[in-house]
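Just below is one structure, and these are the notes that go with it.
The values are calculated or read from the model by the stated rules, or taken from the named source; none is laboratory data. All values derive from a computational prediction rather than experimental measurement. Using ideal geometry, Cβ is built from the backbone for each residue, glycine included, and neighbour counts are taken over all protein chains shown. Note: accessible area is taken over every heavy atom of the protein model, side chains too, but ligands, DNA and RNA are not part of it. Shrake-Rupley method; radii C 1.70, N 1.55, O 1.52, S 1.80 Å.
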Amino acid sequence: MTTGLAARTAPGRPAGTPSPAGPPRLPRRIARSRRAVAGLVLLAALFAVAFAGPLLSRWGWDDTDFTAFRQGPSARHWLGTTQSGRDVLALTLRGTRRSLVIGLSVAVLSTGLAGLVGTVAGFAGGRLDRILMWGTDLLLVVPSFLLVAVLAPLLGGGALVPLLAAVLWMVGARSVRAMTVSLREREYVLAARFLGAGPARVIVRHVLPQLASLLVVDASVNVSVAVVAESGLSYLGFGVRPPDVSLGTLVAAGQGAAPACPWPFAAAAAMLVLIVLAVNLLGDGLRDVLDPEAGPRRGDR
């Protein structure tokens, strides 16, 4: 599989100079990728349902209907009610919104940290590179899930996002560092440095564009991992704390009564699967679009 490290040589450009896809071409390339379009549409639909759905619902996620305990789907409650009389649809939308916000926030923080550490280590080299990679390797051997499970209850619910981001950036940083080491020896990077461009300018103008596909894939993976990790932590009681809900807490609450009352469990589990599917489709499609050397695949035509 190509990684997008090598750049095409366009007519009239010096050898080794990347030929960036201009802004007008990028939307057309995204539109031709079936996976990117499918993932984007599905993710946009999930966001629309999660954020706009409660405005159209007659029930709030914290409302209780004392006349309908563990009731099946009906015109009054489209997805039924829980054993405590709460509307399953409203709870599922609230949990979806919470999980989406957590997953995207963790992905932005972890991928940003991975890009920063990886590019600085790979471009600087020498002692700084060794120190940063030693710290990265040290954090990789720490049991991350156990660490988050121990620290999250102590630090409170607001610490869940930074804790998850702090344990998800290391693998991405090593990949970014390896690609940066290769890129810093390219002719156009050496030429820019010879002409007096500073390290920060060289990284922003010539290195980061070539890392775009890797960072996009890393971010999409981190969204999926963060959503699943948050759901697992909440399922075990270490994530989102009551009275708030997430998809993990809804799955945990609905599991025991699933044989007799399956709709709370099924609705939360289905939304969890759809989020992971949408993010993975979008990440795969954008990777192929942003990769300078990736040719069109048969499934994307």
Between the alpha carbon centres of segment 53-76 and segment 234-285 the gap in Å comes to 18
Which value results for Rg/Rh of segment 83-138 when Rg is the Cα radius of gyration and Rh the Kirkwood radius based on the inverse mean 1/r? 1.40
Which sequence of HIS77, HIS206 reflects their accessible areas, 1.4 Å probe, from the largest down? HIS206, HIS77
Estimated translational D of segment 117-181 in µm²/s (Stokes, Kirkwood radius over Cα pairs; 25 °C; 0.890 mPa s): 194
Quick check on packing: order 190-202, 144-156 by the mean number of other C-beta atoms within 10 Å, highest mean leading. 144-156, 190-202
Please state the charge dipole magnitude for the chain, taken about the Cα centre, from unit charges on C-beta atoms (+1 on K and R, -1 on D and E), reported in debye and rounded to the nearest 20. 960
Candidate residues TYR235, TYR188: accessible-area rank, largest first, probe 1.4 Å: TYR235, TYR188
Share (percent) of C-alpha pair distances in the chain greater than 34 Å works out to 34
Helical segments meeting 30 Å axial Cα length and Kyte-Doolittle 0.0 threshold in the chain (DSSP H): 34-56, 88-124, 212-236, 263-290
Solvent-accessible area of ARG97 with every protein chain in place, 1.4 Å probe, in Å² to the nearest 10: 40
Using +1 at the C-beta of Lys and Arg and -1 at the C-beta of Asp and Glu, which of SER110, LEU146, VAL228 has the Cα lying farthest in the positive direction of the dipole of the chain? SER110
Hey, if we sort ARG28, ARG287, ARG241 by accessible area with the 1.4 Å probe, largest down, what's the order? ARG28, ARG241, ARG287
